[in-house]
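Accompanying notes for the structure given below.
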Amino acid sequence: MIQKRYVHAVVLFLSVCFFVCSVCVIKTVPDDMDGFGAQEDASFDHLTVAEQALALLPKKLIKVGFVQVGHESDWRIAATKSCKEAFSEENGYELYFVDADNDPKVQVEAVRSFIKEPVDYIVIDPILTTGWTAVLKEAYHAHIPVILLDRTIDCKEQYYAAWFGSDFVREGELAGQWLQNYLNRQDRGAQEIHIVTINGTQGASAQLGRTEGFARYLGKNDNWKLLAQDCGDFTESGGKAVMEAYLKTYSKIDVVVCQNDNEALGACAAMDEADISYGVDGDVIVISFDATKAGLQAVLEGKINADFECNPLSPPYAAEAIRRMEAGEQPEKKHYYLPEECFAAEEDPMVLMVNFESERMITVTEELLDDREY
Ligand code: GYE
């Protein structure tokens, strides 16, 4: 396909050269009198005829097919906004955007339609880890590079050029370690602690990773009792429904771990309705992931105790990788983790440490929220 594009470019280039040369031959009026300003001529002065011909060619946009998970959360909305900005026409892209509305089949169909188009690059934010090998092989054989964002997939590395996203296991571990420290500081380190979790979409790597990371701390603390872990599908309504059911089933809940901010907001609404106190000075400790503006607002208000960031701004990294590939380079690394931070409602003197990397809890303030991009 690259060869075909090359031949097209050469043919186009020669035709334009021919056109420009003919214009040069027949043209008798001075440049500044035929509608082209003197200024424009001046900027072309230093160019050869061939370069002038190229400069006159309309800029070719890079076709990018982007298949998004859906629009289930604030995090996702921020990621979609970032995608549309990064792959704008001004930046040199023609974007084919598909919102799969959380349906894995729609995602695979979208990739097939991108291959058929064909686009120059495919960017996927996969709903599930599974079900990708066949269609990615098709993209590979069609010589269309694939970039993955956010969630990971189970597939041979050769079928994609790069992945940019978050270390979800680490996020889960940070949450577990923070809870351990927090309970110790409250002298509850040996008490029986009743925990419920509201999980994200079953089989999404964000759900799998956060569950695995947090489970490492469940394993380290025999006094922590995991009562239940149901799926809230990363949505506010899902989080609310699951929490309502938990409140009906369990008379004592000490901690709710919500796998994203929208679920946490839903859980808070359910506790409000059931007249259960939560957050700072409340009966239920609320832990969340994402650290979106709405999530951090709830941290500031003391409703969510701690929020572990997941950075939704990966599309600019994909755009940069594509620019490099267009220039004939390969992305420097196959897997790239985005920078992320951890936030708490209260001052937290403890430093978290996961895999020899330390993390300080940042106390949320009004100023911090004002400056927040997402
Ligand atoms: O936590 C959630 C979203 O895949 C990391 O998906 C992402 C998750 C994020 O809908 O809010």
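Just so it is clear, none of the values below were taken in a lab; they were calculated from the coordinates. As the structure is a prediction and not an experimental result, all values here were calculated from the model. Ideal geometry is used to build each Cβ from the backbone, glycine not excepted, and the neighbour counts take in all protein chains shown.
Some notes on this structure:
- Taking every lysine pair in region 46-160 that is 8 or more places apart or spans two chains, those with Cα atoms closer than 28 Å amount to 24.
- C-alpha long axis of helix 74-86 to longest principal axis of the chain, angle in °: 10
- Selection of GluC sites (Glu not before Pro), region 168-253, meeting DSSP coil and at most 16 other Cβ within 10 Å: GLU192
- Share of pairwise Cα separations in region 38-123, more than 15 Å, in percent: 67
- Placed amide H near ASP290: partners under 5 Å, 5+ positions off or other chain: PHE308, GLU309, CYS310
- Long-range amide H partners of THR201 with built H, under 5 Å: ASP233, PHE234
- Number of Lys pairs (Cα under 21 Å; 8 or more positions apart or on different chains) in region 170-323: 9
- Take the Cα of GLU346, step 7 Å toward its Cβ, do the same at ASP275, and the gap between the two points is 2.6 nm.
- Counting only DSSP beta bridges whose two residues both lie in the chain, roughly 15 percent are antiparallel.
- Each of PHE308, HIS335, THR365 was scored by the projection of its Cα onto the charge dipole of region 295-369, and the greatest displacement toward the positive side belongs to HIS335; charges sit on the C-beta of Lys, Arg, Asp and Glu.
- Fewest-first sequence of LEU136, LEU148, LEU300 by Cβ atoms within 10 Å of each Cβ: LEU300, LEU136, LEU148
- Rounded to 10°, Cα long-axis angle of helix 168-185 versus longest principal axis of the chain: 30
- Alpha-carbon geometry of region 233-358: the Rg and the Dmax are 18.4, 61 Å, given in that order.
- In the chain, the DSSP-assigned H stretches of four residues or longer account for a calculated mean residue ellipticity at 222 nm of -13500 deg cm²/dmol, using -39500 (n - 2.57) per stretch and the full residue count as denominator.
- The three principal axes of the Cα atoms in the chain give end-to-end lengths of 92, 45, 39 Å, sorted in falling order.
- Rounded to 0.05, the FRET efficiency of the GLU192 and LEU369 pair, given R0 = 45 Å and the Cβ-Cβ distance, is 0.80.
- Folded to 0 to 90 degrees: helix 2-26 orientation relative to the chain principal axis, Cα: 40
- Two-site FRET efficiency, LYS220 against LYS248, from Cβ-Cβ distance with R₀ of 22 Å, rounded to 0.05: 0.15
- Derived scalar couplings between HN and Hα for region 341-351 equal 10, 10, 10, 9, 6, 10, 4, 10, x, 6, 9 Hz in order, rounded to whole Hz, by the Karplus curve 6.51 cos²θ - 1.76 cosθ + 1.60 (θ = phi - 60°), x for Gly and Pro.
- With the simple model of a label 7 Å out from the Cα in the direction of the Cβ, PHE97 to TYR336 spans 2.1 nm.
- Cα Rg over Rh - region 172-297, Kirkwood: 0.93
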